[in-house]
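Asker: Structure in structure tokens, see below.
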Amino acid sequence: MKTDIRDIEKTLLQGLKKGDQLYFKILFDEHYAWLCNYVYKLCQDQALSEDLVQNVFLRIWEKRATLNVNTSFKNYLFRSCHNEFLMHVRKKKQEIATLDALKWETLFEIHHPSQEENVSEQNWVKLEAAIERLPEKCKEVFKLSRLQQKKHKEIAQIMGISTKTVEVHITKALRFLKANATSFLSLLLFGLI
């Protein structure tokens, strides 16, 4: 019986490597639900678990020609989803650490002012100009998050996108603003977070 399952799995993987979407769909349908359940147990967030599992399958499709599965495909998927979750956690920790550092920097600047009020107002103008240079969707997500203080889930519902996409837009906006508006970015982040 196990030989039959391994033979079927081997055939499906060979079809996948050749780029056959039907084989991919069969593998996806067979494993998607239990992978989502597994990731959900790790993160307790249904939307996030679906996003992470979809990312794994997307990566498998993109790298199908060079895909090398040495164990069972189920074990391969299990490990891939586990690693995807760990990467997500690391990324979140880095974002939190960056925001925390910016908050402390801003607190220091507020209690130890070294610039005149005029310079501060010029910085706000520069910051607003930098925000306006963001790509349209990115700018909209950023404004909803930072200016209107909406949660990621609310933004996702408003814009009809996933929470993962919201996070990607916010990360992209913060990187852009950090690169283009570092001297006054902390004013925005501290004041509106």
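Asker: Of all residues in the stretch 141-172 being assigned to a helix (DSSP H, G or I) and of a type in the set (Lys, Arg), which is surrounded by the fewest Cβ atoms within 10 Å (Cβ to Cβ)?
Answerer: Step by step, filter the stretch 141-172, then rank; the result is LYS153.
Asker: Output the number of residues of the stretch 1-50 satisfying the condition of being closer than 19 Å to MET87 by Cα, surrounded by fewer than 17 Cβ atoms within 10 Å (Cβ to Cβ) and either more than 28 Å from the chain's Cα centre (by Cα) or of a type in the set (S, T, N, Q) (or both).
Answerer: Within the stretch 1-50, residues that are closer than 19 Å to MET87 by Cα, surrounded by fewer than 17 Cβ atoms within 10 Å (Cβ to Cβ) and either more than 28 Å from the chain's Cα centre (by Cα) or of a type in the set (S, T, N, Q) (or both) number 3.
Asker: Looking at LYS178, LYS137, can you tell me which residue is surrounded by 13 or more Cβ atoms within 10 Å (Cβ to Cβ), modelled with pLDDT under 85, part of a helix (DSSP H, G or I) and not polar (S, T, N, Q)?
Answerer: On inspection, the qualifying residue turns out to be LYS178.
Asker: Right, next: Evaluate the following for LYS17: is it at pLDDT below 90, in the same structural domain as THR71 (by TED's automatic domain parsing) and not polar (S, T, N, Q)?
Answerer: Judged against the criteria, LYS17 is a match.
Asker: Being in contact (Cβ under 8 Å) with a residue 60 or more places away in the chain, part of a helix (DSSP H, G or I) and among the acidic types (Asp, Glu) narrows it down to one residue among GLU84, GLU30, GLU95; which is it?
Answerer: GLU95
Asker: Can you confirm whether the stretch 100-122 contains a residue that is modelled with pLDDT under 85, within 25 Å of the chain's Cα centre (by Cα), aliphatic (A, V, I, L, M) and within 29 Å of ILE170 (Cα to Cα)?
Answerer: Yes, the stretch 100-122 contains a residue that is modelled with pLDDT under 85, within 25 Å of the chain's Cα centre (by Cα), aliphatic (A, V, I, L, M) and within 29 Å of ILE170 (Cα to Cα).
The values are calculated or read from the model by the stated rules, or taken from the named source; none is laboratory data. All values derive from a computational prediction rather than experimental measurement. So basically every Cβ, Gly included, is an ideal-geometry build from the backbone, and we count neighbours across all protein chains shown.
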